Structures are given as structure tokens and as C-alpha cells.
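Here the structure is laid out as C-alpha cells; the discussion comes afterwards.
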Amino acid sequence: MTGHARTIGTGGLSEDLDGPRRHPGVVHHRHWLAVDALAYAVVNLLLVAGWIVTEAAFFWPVFPLFGWGIALVVHTWVVLVVAPTRT
């Protein structure tokens, strides 16, 4: 006895329990895209609320809205267009 455990195969018993096979990266990337979009919405709503409360004449939240929006558009494009073509 060598002290090593040996596993005997399940003979395919669990193959039908796994469900449909997906590329794990696609689900992961879409999850983080949703997290980024939610963060964008919440933070920018707070910035616009701050602008309303301060009654500033110039709409200064336009800068983070536009800058972060560009990054979110690029992230969306990469996840939905570029990533599926590489699998």
C-alpha cells in the first residue's frame, strides 16, 4: 500500500447533470460588464444629484459621464463583439 487514493471513474453517470456546456469566460465577462454598467449608473446618478443639490450653473457631471461612458462602450463592444469571435 502506497498511501495514495485511487478514483475509479463514474462511468458517465454525471455527464447529463452538468447541463449545457458554455465557455466559462463568456459568462464571467458578461457578469463584470453588468457590474460595470450598474456602477456607472449609480455613481453618475449620485453625481447628477450632487449637481442638482449644489445648484451649479455649469453641468460639470458631463465630464465623468462622457469619459466613463466611452470606457463602458469599449468594454461592451469587447465583451459582446470581440470576445465571442475569439472562442
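The values are calculated or read from the model by the stated rules, or taken from the named source; none is laboratory data. Worth saying up front: this structure is predicted, and the values here are computed from it rather than measured. As a convention, Cβ positions derive from the backbone with ideal geometry for all residues, glycine included, and neighbour counts pool all protein chains shown.
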Going residue by residue through segment 40-60, is there one that turns out to be modelled with pLDDT of 60 or more, of a type in the set (Asp, Glu) and either within 18 Å of residue 76 (Cα to Cα) or outside any helix (DSSP H, G or I) (or both)? yes
Give the residue, chosen from 74, 48, that is under 22 Å from residue 34 (Cα atoms) and surrounded by 13 or more Cβ atoms within 10 Å (Cβ to Cβ). 48
So residue 23 ticks every box in (1) at pLDDT 65 or above; (2) surrounded by 10 or more Cβ atoms within 10 Å (Cβ to Cβ); (3) of a type outside the set (Gly, Ala, Ser); (4) over 13 Å from the mean Cα position of the chain (by Cα) but one. Which box is left unticked? (1)
